[in-house]
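**Q** Have a look at this one before I ask anything.
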Amino acid sequence: MPTHRIDPGKRSRARARDALLRRTRGSMVAVSAAAIALSGMLSVVAAQAFKGHRADAATPAAGSSARRHVNVPAPDRIPAIAGAPAPLQPPAQPPASAAPDPAPSVPAPQVSGGS
């Protein structure tokens, strides 16, 4: 069986390629970790910027049983549009159900002669 000798120039190129791959892998890990950290920091900033409602504001005080009275205005009356068709009315009778489709006839199964 013949032995293959590796050229010293090829060996150094392989080492350089492996070193470049290690550096690339390391930089990808660093970029991923930085993206995760930045995402976490932005979520903290957003949580501080938009506080929302206080938890104690949603529940009434223990001693107060007074109800709040809220006035809601009635809906505005909208005048009819000139020349518009009459509004839809329900039909005099509900729609009749359609006749069911007859079941397709199934041919009898074939039986072999057997033994």
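**Q** Need pairs with beta-carbon distance below 8 Å; first residue modelled with pLDDT of 80 or more and within segment 62-89, second surrounded by 10 or more Cβ atoms within 10 Å (Cβ to Cβ); sequence gap 6+ or separate chains.
**A** none
**Q** Turning to a different aspect of this structure: Contact list please: Cβ distance under 7 Å, first residue in segment 102-114 and surrounded by 10 or more Cβ atoms within 10 Å (Cβ to Cβ), second residue assigned to a loop (DSSP other than H, G, I, E, B) and among the small types (Gly, Ala, Ser), pairs at least six apart or on different chains.
**A** Filtered contacts from segment 102-114: no entries.
**Q** For ARG13, state whether it is surrounded by 10 or more Cβ atoms within 10 Å (Cβ to Cβ), modelled with pLDDT of 95 or more and either touching a Ser or Thr at 6+ places or on another chain (Cβ under 9 Å) or not in a loop (DSSP other than H, G, I, E, B) (or both).
**A** no
The values are calculated or read from the model by the stated rules, or taken from the named source; none is laboratory data. If you're wondering where the values come from, they're calculated on a predicted model, not measured in any experiment. Here Cβ is always computed from backbone atoms with ideal geometry, including for glycine, and neighbour counts include all displayed protein chains.
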